[in-house]
Structures are given as structure tokens and as C-alpha cells.
1. Is the C-alpha gyration tensor of region 3-131 telling us rounded, prolate or oblate? Criteria: a/c under 1.5 is rounded; beyond that, a/b larger than b/c is prolate, otherwise oblate.
2. Among the aspartates and glutamates, which have Cα under 19 Å from the Cα of Lys132 when same-chain residues fewer than 8 positions away are ignored?
3. Please state the Cα pair-distance histogram of the chain with 10 angstrom bins from zero: what percent is in each bin?
4. Which residues' amide hydrogens lie under 5 Å from the amide hydrogen of Ser194, considering only partners 5 or more residues apart or on another chain, with H built in the peptide plane?
5. Would you work out if region 76-120 is rounded, prolate or oblate? Take a ≥ b ≥ c from the square roots of the eigenvalues of the alpha-carbon gyration tensor; rounded if a/c is under 1.5, else prolate when a/b is larger than b/c, oblate otherwise.
6. Compute the helix-to-body angle for 88-97: its Cα long axis versus the longest principal axis of the chain, expressed 0 to 90° and rounded to tens.
7. Once both axes come from the Cα atoms, what is the angle between helix 172-189 and the longest principal axis of the chain, in degrees from 0 to 90, rounded to 10?
8. Distance from the Cα centre of region 30-89 to that of region 200-236, in angstrom?
Amino acid sequence: MQQVLVVDDELAHLNALSELLQAAGYEVLRTRQPERALAIAESAGPDLIITDWDMPGLSGVALIQQLKAHPATRDIPVIMCTGKMTSSESLETALGAGAVDYVRKPVDPIELRARVRSMLQLSASHRALLAKEEALTRQNAQLRELNALLDRQKRALHEAATVDRLTGLFNRDYLMEQLSREFSNAQRYGHPFSCLVIDVDHFKSFNDRHGHLVGDVVLRDTAQLLLRHTRRGDVLGRFGGEEFVVLLPGTPALKAAALADVLRGAVAQAVYDTGEERLQVTVSVGVADNRVGEPPNEMALLKHADEALYAAKRQGRDRVVRYTPGG
Ligand SMILES: Nc1nc2c(ncn2[C@@H]2O[C@H](COP(=O)(O)OP(=O)(O)OP(=O)(O)O)[C@@H](O)[C@H]2O)c(=O)[nH]1
């Protein structure tokens, strides 16, 4: 049942209005004290308030202003009921304060019922709209959360697909993708493009001597060391096992070999302290670019770098060898 709060200091008016509304099927809350009306409105949350204008203590206009200032009662429609509504100024004052309508005293029962009914209908649709808006806001927040979750999952999937778990560098698949892309770009724009293949020397015997776990730590630390010495734009990844690849867009073989030697030297100087032993490893590096030997595609370039790496191994390891055709 819809609830109407009636506020009027005159008992006769209060009774008359209450009876009228009850007869029309509304539940009536009533008070003769406008100050109490605020508390009742806040706790009961009636569907409509009808208030007198002239009341001791708090006038109807002041009551409406206070109701409108409070978030819990702000949206309750208020009808001003008074004999004052003779001038358009007083009508303007009442509506300006926040009343949605007014009725004149003495109250015409038919008019009052009609105004109350239409106001309650309006208020019900207003509430339904507010509820829909709230539901939409909630759904929007849920959608935002879902989107953020999807983004996180997408990032995690992308990372799983492109990152090597042991070292945190790019993995073989990603390296191959980038190799193909950078090779095509370099060929299209006539830019130099180099590739380094870096392999830890005698890693099998290192593992045999110190254990696979220590071997893992060395691979991880070597990866970080290589990362520190490469630039943004260089693509560094673990190709597999104890082999790393660095793609150097915009870099010819000579400069790439200089960088390779910096990387080789950094690895050779690094000391891995196991607590019991201070261990060192070296790397051999093969260097090739898209000019020397004119590799027709990215796989040929990689093969050139691999051939240079094996030449470095043959020549005694811990060194950098540049690819030369027929060499
Ligand atoms: N700890 C560790 N070892 C690995 C990993 N992947 C490959 N290896 C080891 O790396 C070693 C590579 O050995 P080889 O390919 O024979 O080469 P090498 O002993 O390094 O000898 P050269 O390359 O000729 O200097 C093997 O013993 C592999 O088990 C890894 O993820 N962790």
C-alpha cells in the first residue's frame, strides 16, 4: 500500500486530510510537528508528503528545503497544502523550495485525490527509472571488472605464449616471429639487420659438475646480464637450451660483432657464487647480417649466424665470429 505523510499543525485539517487519504486507499503517517516530519520521512520513506505552509517552528517551505537537502528524503515528492496560494509569488516560493504541486485550503476532496494519484504515479515511474539507472550503473561496474579481468587474462596468455619461463626473456616462437618481421622490414626499407646466436660453452659438463639447478641459475643470470647490455628495440630471447638469440634491427654485422664482444666479455667476467664455489662460464657468439652473403630469407640469416657460432666453437670458444660466405 502506498504511504503518504501528512504534516499539519491544525488537528482538524490533519484529521480531515488523513481520513480523505485513508478512504482513497492510502496508508497515512501523520504529525502535527514539522520537526518530527523530517525524522519520520527519513525512517519510513513515504511515497508522498503533504505539508501545511504556516506552522509554528518550521514553515512548510523550510521543511521542504530540509527534506531536499537530505539524500534519504530528497526524492520524496511534496505537495504544499495551504490557503496561502493566492498569489503567484507564493506559488513560486513553494515550487522554488522543491514542492512538486500544491492544493488550496479548504481542500476539495476530488481535486486532492486526483493530484495525489497523479503525483504518486509520477513518483513511481521516477523511482522505477532510478532503480533502472542504479541497476545499469551496477552492470556497468560489473562489465568494467569483467573487462579488466579479460585484459589481465589476455596479458597472461600473451605472456605465456611469448615469454620463456626460466629466464623471463622472449621464447623461441616469439623470436621466430620477430625474426621474420624484422627481416622483411629490413629488406623492404634497405636497412641493415643483424642476428646474434649466443651459446654457453661446455654447458653439459658444467651441469654434470654442478648440477642442473645451478645450471638454471647461471642461465637466468646470464639472461639478465645480456638484457642489461642490449638496447630498446633489440629483441633478446632464449632460443632453447643454453642458446640465446639477439635480433638487432638497424645494425650491420660489424657493429653487431662489437656488441657481441661486449656481451661475451660481460659473461666471461661474471662470477656465480653458489655459497660453496665461485663459478664462471663463457659464451661463443655467431654473428650474421642481411648483407654479408645476402641471405634470401630469415631462415638463411639464422643459419649463417649458426654457422658462425660453430666456427667460434671450433676455434676454441669464448669468442665472437662473424659469418663469411664459404668460411
Ligand atoms: N641447467 C640447464 N641446462 C640445460 C637447459 N637446457 C639445456 N641444458 C643443457 O645444456 C647442455 C648443452 O650441451 P651441449 O649441446 O652438448 O653443448 P655444450 O656442453 O654447451 O658444449 P658446447 O656448446 O660445444 O660448448 C645439455 O647438457 C643440456 O642438458 C636448462 O634449461 N637448464
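The values are calculated or read from the model by the stated rules, or taken from the named source; none is laboratory data. Note that the structure is predicted; figures quoted are calculated from it, not measured. Here the Cβ is made from the backbone with ideal geometry for all residues, glycine too, and neighbour counts use every protein chain on show. With ligands, DNA and RNA removed, areas are computed over all heavy atoms of the protein, side chains included. Shrake-Rupley method; radii C 1.70, N 1.55, O 1.52, S 1.80 Å.
1. Here region 3-131 falls in the rounded category.
2. Asp47, Asp75
3. 5, 20, 17, 7, 5, 4, 6, 10, 14, 10, 3, 0
4. Leu248, Gly250, Thr251
5. oblate
6. The answer is roughly 40 degrees.
7. Compared with the principal axis, the helix lies near 80 degrees.
8. 79 Å
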